[in-house]
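FYI, it's all coordinate maths here, none of it is from the lab. Bear in mind the structure is a predicted one, so any value in this text is a computation, not a measurement. All Cβ positions, even for glycine, are placed from backbone atoms using ideal geometry, and neighbour counts span all protein chains on display.
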Amino acid sequence: MTHQHLDGKVRDGRHHMQVRVYYEDTDFSGIVYHANYLRYMERGRTNHLRLMGAEQHALFAEAASEAPGFAFVVRSMTLDFLRPARMDDVLDVVTWPIAVKGASIMLAQEVRRGDEVLVKADVRVAFISGGKAQPIPKPLRDLLKADVV
């Protein structure tokens, strides 16, 4: 059974994933608690990578042979909260790469409600293996650059 629709879709070089706001996501005033946007964006980054990996098993296998136990981890993040989301809103979490460097990727993310941008983020993700930052293997770096808009 496939659940690919749960991972969102890549359109025009940007990953889009929908999230519905539930009561548990809100604070006492009925708006989304600020830390929950981090959860939504993490899901967006994870699903973006999952979609790329689902189509590129050979490249991810090659990266794993060059850098066993590799992972991508958030190194830094800058957020700008522009407008609140509320219970029952359907949000679009949009993720796209800005730059790929030796051991890191810069991503931009937005959480939108329709055409309205609610939260903007710049995220630096490091590639690690063996507990240390490592250069991203060339085949994987080339794949990631292919999506830079």
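Largest first and in whole Å, the equivalent-ellipsoid semi-axes of the chain read 29, 16, 14, each the square root of five times a Cα gyration tensor eigenvalue. The mean sequence separation of alpha-carbon pairs under 8 Å and at least six residues apart, normalised by the residue count of segment 8-141, gives a relative contact order of 28 percent. Note on segment 9-149: dipole from Cβ charges, positive end direction compared against Ala35, Ser104, Leu82; the farthest Cα belongs to Ser104. Taking Met17, Met77, Met106 as the candidate residues, the one with maximal mean-square fluctuation in a Gaussian network model of the chain, Cα springs under 10 Å, is Met77. Note on segment 79-149: with charges restricted to the Cβ of Lys and Arg (+1) and Asp and Glu (-1), its dipole about the Cα centre is near 460 debye.
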